[in-house]
């Protein structure tokens with residue numbers, strides 16, 4: 001499936017952000033110098049999409065220096081308060097680093113956001129003393145900068161949110177334990193190999209490969225299912241260990257290609273709703289099911305924010 005390719009690309013992108021050693025400082029350093037300027041029309045670099053659909057600039061890092069070119073405040077807030085909130089490298093769970101927040105949490109509505117938060121673009125050039133980690137630059141240090149230059153004040157609220165609970169169906173689960181060697185484990189010491197033209201990319205443990213999630217825990221399986229849904233998926237199975245989870249949903253997704261016809265193309269790529277429906281139809285064959293439920297979750301709320309003066 002096309003999503004197997006994007007999974008490999010994501011692995012490369014994530015590993016590229018990992019510093020050699022974790023940040024251990026307990027005091028949050030501040031940028032030694034920083035400038036914040038509105039991004040002029042025509043200066044917007046190619047790359048990245050804003051939540052409103054427009055290009056959302058890029059962020060370039062080098063030792064002790066951060067340059068955010070034509071980036072929205074919306075993006076900077078999501079990175080600084082969610083993706084890199086603690087200034088630490090993402091946790092490694094045995095098949096590579098994992099984002100500390102779910103896709104749904106990252107894409108949450110930020111309460112109290114003015115319309116310009118995801119419309120106006122700014123270029124920020126900031127220089128740090130010494131060489132803090134990438135996570136520290138994009139998380140705690142960026143928070144301090146935004147609070148000072150945008151007069152930004154944010155707090156978190158706990159609210160009840162809709163979720164799906166992954167549960168064992170009546171009759172018990174029918175999962176097959178992961179087979180050693182069926183997938184490639186990726187961590188900070190073992191990055192993925194470079195793709196070879198004409199050869200399939202190896203299955204990554206914990207990631208999609210075709211319609212299978214290879215070498216996965218149930219917690220990770222929930223994280224792999226959630227992006228196709230409108231809500232997070234919570235593990236309530238009580239199942240431990242790793243499994244090769246074969247959904248066998250190709251015919252559901254591509255009925256026109258069933259029976260040996262040509263495989264899917266970009267034009268026939270199913271929607272996320274089609275994937276979710278196919279997953280929900282396949283889960284009973286594995287002795288699993290998704291149950292609608294509610295759970296507590298945190299949301300970001302903006303109390304105050306101002307457009308900065310050019311400096």
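The values are calculated or read from the model by the stated rules, or taken from the named source; none is laboratory data. Here the structure is a predicted model, which is why all the values come from computation and not from measurement. In this analysis, Cβ positions are derived from the backbone assuming ideal geometry, glycine residues included, and neighbour counts consider all displayed protein chains.
Being surrounded by fewer than 19 Cβ atoms within 10 Å (Cβ to Cβ) and under 21 Å from residue 305 (Cβ atoms) narrows it down to one of 140, 114, 162, 100, so name that one.
None of the other options fit; the residue is 114.
Can you tell me which condition residue 147 does not meet? The list is (1) without any contact (Cβ under 8 Å) to a residue 24 or more places away in the chain; (2) assigned to a loop (DSSP other than H, G, I, E, B); (3) surrounded by 13 or more Cβ atoms within 10 Å (Cβ to Cβ), and all the others hold.
(2)
What pairs come out if I take residues in the range 187-210 that are in the same structural domain as residue 224 (by TED's automatic domain parsing) and over 20 Å from residue 223 (Cβ atoms) and pair them with residues that are at pLDDT 80 or above and not in a loop (DSSP other than H, G, I, E, B) whose C-beta lies under 7 Å away, six or more apart or interchain?
Pairs that qualify, where the first residue is in the same structural domain as residue 224 (by TED's automatic domain parsing) and over 20 Å from residue 223 (Cβ atoms) and the partner is at pLDDT 80 or above and not in a loop (DSSP other than H, G, I, E, B), are 202/184.
Could you say whether any residue in the range 152-171 is touching a strand residue (DSSP E or B) at 6+ places or on another chain (Cβ under 8 Å), in a loop (DSSP other than H, G, I, E, B) and assigned by TED's automatic domain parsing to the domain that holds residue 60? Spell out the reasoning first.
If we filter the range 152-171 for residues that are touching a strand residue (DSSP E or B) at 6+ places or on another chain (Cβ under 8 Å), which is where we start, we get 152-169.
Next cut, in a loop (DSSP other than H, G, I, E, B) only: 152, 169.
Cutting the leftovers down to assigned by TED's automatic domain parsing to the domain that holds residue 60 gives us 152.
Yes: the range 152-171 contains one or more residues that are touching a strand residue (DSSP E or B) at 6+ places or on another chain (Cβ under 8 Å), in a loop (DSSP other than H, G, I, E, B) and assigned by TED's automatic domain parsing to the domain that holds residue 60.
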